[in-house]
């Protein structure tokens, strides 16, 4: 279970619900299948025409009724949870959609037609953390076979799929799940999103950053913000919003200051190579001032003027680190008086 500071669950479910709706597909979130609020993250119902809409996507394997479960970094897929997911999926297939929970046990001729057969259903589990025990140690028992990088399949009566986003290929069909990747795969996908203007995916990456790979996201966004020529104009507002609303927890990461210093140094070097020194300076002014406004609502005009008048990128970098780590405005006032 993720904490309130990690918006993975609700944000990711809302994103995928919206995604399926844009494809014109019927989808529900939190479908209750037992009386004790045991729910399936998303349930996707498809007609034959709907299945054609998903043909070129990572969800091309979907059938008539599909259970989709999302497992975040603090909610790994254990064997017990795997079994619970299957139990919920079997219950989903046992309950006619048109029948209320008060009449779930009824099985008359009128509702039999709305109950799907097992071969009309799929269970898909998307795991931020690779479930090694299930895919390796219990491979013979659970019969998951690798179909391609990051995709595992088990066809044992009820068809089951496991997706590991950090292993998926960087191809368009996989874009919907790549925001949940970690490490090098996530870095490459962030660069791709910035370069190609994939703003919906970039926004999801930033929204769930603390629950996937916060250090990679922080480092990569710092790096890309220095490279204005490669960033589309409609992508800048998303990056700017990230810095305005940057979670306090990012400033507490163990390698935060090292990542900040390294990324800014790399960004400055890249900016100098492509003749964008002034652009890097303007970006840095904007970032420092927005962090000040975010941390401390009322900032003395004298401090703002001093920041705007500074053309030393290294000095601005140092101020940025001190602003983010400061606890009181008085610390910043002393900093600019010295």
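Looking only at segment 183-202, how many residues end up being within 12 Å of the chain's Cα centre (by Cα) and either crowded, with 22+ Cβ neighbours inside 10 Å or in the same structural domain as residue 147 (by TED's automatic domain parsing) (or both)?
Going through segment 183-202 one residue at a time, the tally reaches 4.
Does segment 164-182 contain at least one residue that is closer than 16 Å to residue 85 by Cβ and touching a residue at least 60 places away in the same chain (Cβ under 8 Å)?
No, segment 164-182 contains no residue that is closer than 16 Å to residue 85 by Cβ and touching a residue at least 60 places away in the same chain (Cβ under 8 Å).
Condition first: within 22 Å of residue 142 (Cβ to Cβ), modelled with pLDDT under 90 and within 19 Å of the chain's Cα centre (by Cα). Can you find one or more residues in segment 51-59 that meet it?
No, segment 51-59 contains no residue that is within 22 Å of residue 142 (Cβ to Cβ), modelled with pLDDT under 90 and within 19 Å of the chain's Cα centre (by Cα).
Can you name the residue in segment 324-338 that is buried (at least 16 other Cβ atoms within 10 Å of the Cβ) and modelled with pLDDT under 80 and, of all such residues, is nearest to residue 223 (Cα to Cα)?
324
Quickly run through segment 26-49 and pick out the residues that are at pLDDT 90 or above, out of contact with any strand residue (DSSP E or B) (no Cβ under 6 Å at 6 or more places or on another chain) and within 20 Å of residue 126 (Cβ to Cβ).
Residue satisfying the conditions is 46 alone.
Can you tell which of 87, 1 is modelled with pLDDT of 85 or more, surrounded by fewer than 17 Cβ atoms within 10 Å (Cβ to Cβ), out of contact with any helix residue (DSSP H, G or I) (no Cβ under 7 Å at 6 or more places or on another chain) and outside the structural domain of residue 200 (by TED's automatic domain parsing)?
87
The values are calculated or read from the model by the stated rules, or taken from the named source; none is laboratory data. As the structure is a prediction and not an experimental result, all values here were calculated from the model. As a convention, Cβ positions derive from the backbone with ideal geometry for all residues, glycine included, and neighbour counts pool all protein chains shown.
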